[in-house]
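Input: a single structure, listed below in structure tokens.
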Amino acid sequence: MNDDAVELRSRELKMEGIHVTTIAELLATNFGEDSWLVEKLIPEQSITAIAGIPGSFKTWITLEIARSVASGKPFLGNFATTQGPVLLVDKECHYKHIQKRLKLLGMEKTLPICYHNPYELDLFVDDDKHFELLLREIEHLGARVVIFDSLTRIHRGDENESKSIAKLMNRFKRITDIGVSVIFVHHHRKESYPSQNSPNSLRGSSDILAGIDCLLTLVKEKGRDDRIIVEQGKLRQGEAVKPFAINALFEKDGDITRSVSFSYGGEHDPSKTKSDEATGIILEFLEQKGDETEGSVIVKVLEEENYSKGTTIRALKQLEEEDKIGKRNGDNGRHIYWLKK
């Protein structure tokens, strides 16, 4: 077909009740610049999943997002936000526990943040009547974002069944179609815990990953309870940000936590972290060995602990630069290492 014929057929189809768009019309449309609820992390009018294993601060971080959007202040002091009211649907925690978290965070009372009241309606998004009531709540509040905690609690279907998840994602899409962003908390499969940052680790049907626009995974840094690593496993709107860290600060009075706060911890370099872990193992091994050791032996020891040869070499170089180990050349170009006293 030539251009005129395509345009004519487009008009004919529209008259028949079938609406199509030619690529000419599509290319001529000005959609404006990309807009962000949280700059570089969460697009506006998007469906975003925040996922991780239990204890990875998922609910805490969504509360930080809620605070930042409601106030219009940068998330973690680093990512700009678009200000607007927030509606939270929390079906994980009792009001008593929600209140405790809000107090620990020092949440300002005047912020435009509201909770759906579960004692008046045990909300299920896949229930037609419940969903219409939810849309009414969203409209009444003028909410810019709705946060669900967690996905498994807000529907009656089977999260492993494609049909049930497709219906749920369609409901979320209806919310984004009226200009409101959707964020939901989700969990990783237990068998995926060793590789917690993989998008394929999401529990349930693959339609969950297919249906979302953005995925943020939270993982505690190995050996630390005060540092969370964030990876953007999916972003339809553009290039994903590099992994970054969130520092958690707990102000305590003895064994009692008095306040909790979070801050941006900078970009996260997984290879550097691995090297840091490897240095500790090397130092311990050389101390137990008590004498000079060939580099190939050290490499083999760390390979048994799942550290690559490259990681071990970087760790050895780091320890040399810190003057914690000595190095000399042995026979046939082999490197010999020992622990400095």
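Details
- As a rough guide to protection, the peptides 255-268, 125-138 ranked by mean Cβ packing within 10 Å, highest first, stand as 125-138, 255-268.
- At a probe radius of 1.4 angstrom, the accessible area of the chain per residue rounds to 56 square angstrom.
- For segment 109-115, Karplus couplings with θ = phi - 60° (6.51, -1.76, 1.60), whole Hz, Gly/Pro x: 5, 8, 5, x, 10, 10, 10
- Under 5 Å between amide hydrogens, built in the peptide plane, is the criterion, and for Ala51 it picks out His186, Leu216, Thr217, Leu218 among residues at least 5 positions away or on other chains.
- When a 1.4 Å probe is rolled over the protein heavy atoms, the share of accessible surface on segment 199-341 that falls to carbon and sulfur comes to 44 percent.
- Calculated FRET efficiency for the pair His140/Glu287, C-beta based, R₀ 51 Å, to 0.05: 0.20
- Relative to the current alpha-carbon distance between Asp226 and Ser308, full extension at 0.36 nm per residue lengthens the span by 26.9 nm.
- The length gained on full extension between Asp323 and Glu33, counted as 0.36 nm times the residue separation minus their Cα-Cα distance, comes to 99.2 nm.
- Option label - semi-axes √(5λ) of the Cα gyration tensor in Å computed here, alternatives [x] 47, 28, 18; [y] 34, 26, 18; [z] 46, 22, 17: [x]
- Given charges at beta-carbon only (K, R positive; D, E negative), |dipole| of segment 100-199 in Debye: 340 debye
- Using the Cβ-Cβ distance between Lys96 and Asp177 with R0 set to 51 Å, the FRET efficiency works out to roughly 0.90.
- Segment 183-189 - phi-based ³J(HN,Hα) in whole Hz, Karplus 6.51/-1.76/1.60, Gly and Pro as x: 10, 9, 8, 9, 10, 8, 5
- Dipole of the chain, positive end: most advanced residue of Phe79, Gly211, Ile175 [Cβ charges, Cα centre]: Phe79
- Using only side-chain charges placed at the Cβ, +1 for Lys and Arg and -1 for Asp and Glu, the dipole size of segment 209-268 relative to its Cα centre rounds to 160 debye.
- Residues listed by number, segment 93-127, amide nitrogen under 11 Å from Arg258 label point at 7 Å toward C-beta: none
- Per-residue extension of 0.36 nm, minus the Cα-Cα distance of Val20 and Asn332, leaves a gain of 105.1 nm for this segment.
- Which listed pairs, of Lys100/Lys220; Lys100/Lys190; Lys91/Lys190; Lys91/Lys167; Lys242/Lys274, have C-alpha distances above 24 Å, in listed order: Lys100/Lys190
- Nonlocal amide H pairs with Ala240, under 5 Å, H built at 1.01 Å: none
- Rounded to 10°, Cα long-axis angle of helix 95-105 versus longest principal axis of the chain: 60 degrees
- Our helix-only sum for the chain, with -39,500 (n - 2.57) per DSSP H run of n ≥ 4 divided by its residues, gives a mean residue ellipticity at 222 nm of -11000 deg cm²/dmol.
- Rounded to whole numbers, the Karplus 3J(HN,Hα) couplings from phi for segment 134-146 are 5, 4, 5, 4, 4, 5, 4, 7, x, 4, 8, 8, 10 Hz, using 6.51 cos²θ - 1.76 cosθ + 1.60 with θ = phi - 60°, and x at Gly and Pro.
- Within the accessible area of segment 104-172 (1.4 Å probe), percent carbon and sulfur: 47 percent
The values are calculated or read from the model by the stated rules, or taken from the named source; none is laboratory data. In this text the structure is predicted, and so the values were computed from the model without any measurement. Reconstructed Cβ throughout: ideal geometry from the backbone, glycine too, with neighbour counts over all protein chains shown. We work out accessible area using only protein heavy atoms, side chains counted, and drop any ligands, DNA or RNA first. Shrake-Rupley method; radii C 1.70, N 1.55, O 1.52, S 1.80 Å.
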